[in-house]
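The values are calculated or read from the model by the stated rules, or taken from the named source; none is laboratory data. Everything numeric in this text was worked out from a predicted model, so none of it was measured. Reconstructed Cβ throughout: ideal geometry from the backbone, glycine too, with neighbour counts over all protein chains shown.
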Amino acid sequence: MNRPRPRTLVALAVCLALLAAGVYTGVRWAQGRKGTVTLLASWTGREAAEFEERVVEDFEDTYGIDVVYQGSSALSQVLAADIAAGNPPDVVVVPGPGELLTYAGDGRLRPLDGLFAPEQYDEMWAPRVPGGNGTLHTYWLPIKTSLKSMVWYTGDKPTAPSAANPGKWCLGMEDGAASGWPGTDWIEDILLQQAGPEQYEKWVNGTLPWTHDDVREAWRTFGEMAGAGDRERAARLLTTGFEADCATTGRLEHQGSFRAGHWREAGGDYVPSAEVIPGAGSDAGAWEVSGDLAALLTDNPDARRLIRHLADPATDLPDHTVNRAATPDPGQDTIEARIDRTLREDGATRCWDASDAMPRTLRDAFHQAVLRHLVEPDTLDDRLTQLQRLTTEQRLRVCGGGAP
């Protein structure tokens, strides 16, 4: 087969680009679009489609503003490159506050003051943090949240003695560039249950060192529960995806609320991790949580309208919302309703997923350290010393909720 010459390919590409631009412009003209907002998030596939169908299309139809959505599993790298090139998206949705806290301090984010009512959220979800000039502002808005500190099971309810058997646990560490995060979730949750929210918050903010006995004990407990040091098992854990099929009788899984459907289909349920983690202390019972946070990077007035729309209690956001003014979904089953109450209502202490609340460099190193720990647990002290060298102190409201 004859291949087209390079010049022919260039001409063809230009023609196709012009045609695509003409079609796109025509569609926008036909729809009466009068503005554009660029939005970057980590959601791809089903998650991206759900967000666009439930949120983006509603916003576009309501305001006549076009949203150009980009989803990337390498969000941190894409965002950093866009900012360095002087072409940031209008709105970015980032998992957790760690990176956003850094960008706020560097003066990269626009305050969200006046765009929504922060009192509709617990302070940990939408805190006031220092901007580039040190002035406190609200810089992010939670739009998709999930509950952690959960142990899923079928059959008999698990107990601490049964949880000490590594063979009971279904555990996979593989998730591309983010591999290792299921292990950081374990260590964070173990520390939260063993040492309590106060020590946990100090650790996340860099004032409790990684070499502290409480932190070391959490790593040691994780290693024992996961079977660290067993080379054959470690190889299996490192190559197994985090969404592996786990819902079988007698198996346990330490995962967040996104796994509810998987276990529900098998007739499963969950217990708070505090009930099965060895050595849980007197302050056990807090819940680790995660969330995707929307932030504003430009002065585009249409982007400010999008933030207002995302904060509107009537907006049909995906997954669980922590906006107290929103009406609970009456169609929720028992499991989803319990999760929703724990995320929103007073009485439950909630703490940010620690690695999501840490600076990006430390977060990534934490992920890698977990993978190494599964293979070589005897080098733990070296791992902790290396992580401590990367630690910087920060001021972030990590835990919230509690007694009304």
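Check whether at least one residue in the stretch 206-220 is of a type outside the set (A, V, I, L, M, F, W, C), assigned by TED's automatic domain parsing to the domain that holds ARG397 and in contact with a Gly (Cβ under 8 Å, 6 or more places away or on another chain), and report yes or no. Among the residues of the stretch 206-220, at least one is of a type outside the set (A, V, I, L, M, F, W, C), assigned by TED's automatic domain parsing to the domain that holds ARG397 and in contact with a Gly (Cβ under 8 Å, 6 or more places away or on another chain), which makes the answer yes. Filter the stretch 72-100 down to the residues that are farther than 24 Å from PRO127 by Cα and either free of Cβ contacts under 8 Å to residues at least 60 places away in the same chain or assigned to a helix (DSSP H, G or I) (or both) and list them by number. Within the stretch 72-100, SER72, GLN77, VAL78, ALA81, ASP82, ALA84, ALA85, GLY86, ASN87 meet the criteria. Taken over the stretch 216-234, the criterion of being over 17 Å from GLU253 (Cα atoms) and of a type in the set (A, V, I, L, M, F, W, C) is satisfied by ALA218, TRP219. Looking only at the stretch 160-192, residues that are assigned to a helix (DSSP H, G or I) and either touching a strand residue (DSSP E or B) at 6+ places or on another chain (Cβ under 9 Å) or without any contact (Cβ under 8 Å) to a residue 12 or more places away in the chain (or both) come to 10 in all. Taken over the stretch 327-339, the residue count meeting the criterion of being free of Cβ contacts under 8 Å to residues at least 24 places away in the same chain, part of a loop (DSSP other than H, G, I, E, B) and closer than 24 Å to SER149 by Cα is 3. Within the stretch 35-70, restricting attention to residues that are in a strand (DSSP E or B) and in contact with a Leu (Cβ under 8 Å, 6 or more places away or on another chain), the residue that is surrounded by the most Cβ atoms within 10 Å (Cβ to Cβ) is VAL37.
The residues of the stretch 101-115 that are crowded, with 21+ Cβ neighbours inside 10 Å, part of a helix (DSSP H, G or I) and touching a Lys or Arg at 6+ places or on another chain (Cβ under 9 Å) amount to a single one, LEU101. Regarding THR298, is this residue surrounded by 18 or more Cβ atoms within 10 Å (Cβ to Cβ), among the polar types (S, T, N, Q) and either under 21 Å from the mean Cα position of the chain (by Cα) or closer than 30 Å to ALA80 by Cβ (or both)? No; evaluated as a whole, the condition is false for this residue. Just one of the numbered conditions (1) buried (at least 16 other Cβ atoms within 10 Å of the Cβ); (2) farther than 30 Å from ARG54 by Cα is not true of THR159: (1).
Here is a check on your reading of the model: is GLY229 modelled with pLDDT of 95 or more and of a type in the set (Gly, Ala, Ser)? So GLY229 fits the description; yes. Residues that are under 22 Å from the mean Cα position of the chain (by Cα) and either outside the structural domain of TYR63 (by TED's automatic domain parsing) or of a type in the set (Ser, Thr, Tyr) (or both) were ranked within the stretch 303-339; the one that is surrounded by the fewest Cβ atoms within 10 Å (Cβ to Cβ) is THR315. Only one entry in LEU238, LEU208 is surrounded by 15 or more Cβ atoms within 10 Å (Cβ to Cβ), of a type in the set (A, V, I, L, M) and assigned to a loop (DSSP other than H, G, I, E, B), namely LEU208. Restricting the stretch 283-313 to residues that are among the charged types (D, E, K, R) and not in a helix (DSSP H, G or I) leaves a set whose member that is farthest from GLY256 (Cα to Cα) is ASP299. Residues in the stretch 124-159 that are assigned to a strand (DSSP E or B) and among the hydroxyl-bearing types (Ser, Thr, Tyr): THR138, THR145, SER146, TYR153. Restricting attention to the stretch 340-361, the residues being surrounded by 22 or more Cβ atoms within 10 Å (Cβ to Cβ) and either assigned to a helix (DSSP H, G or I) or among the hydrophobic types (A, V, I, L, M, F, W, C) (or both) number 8.
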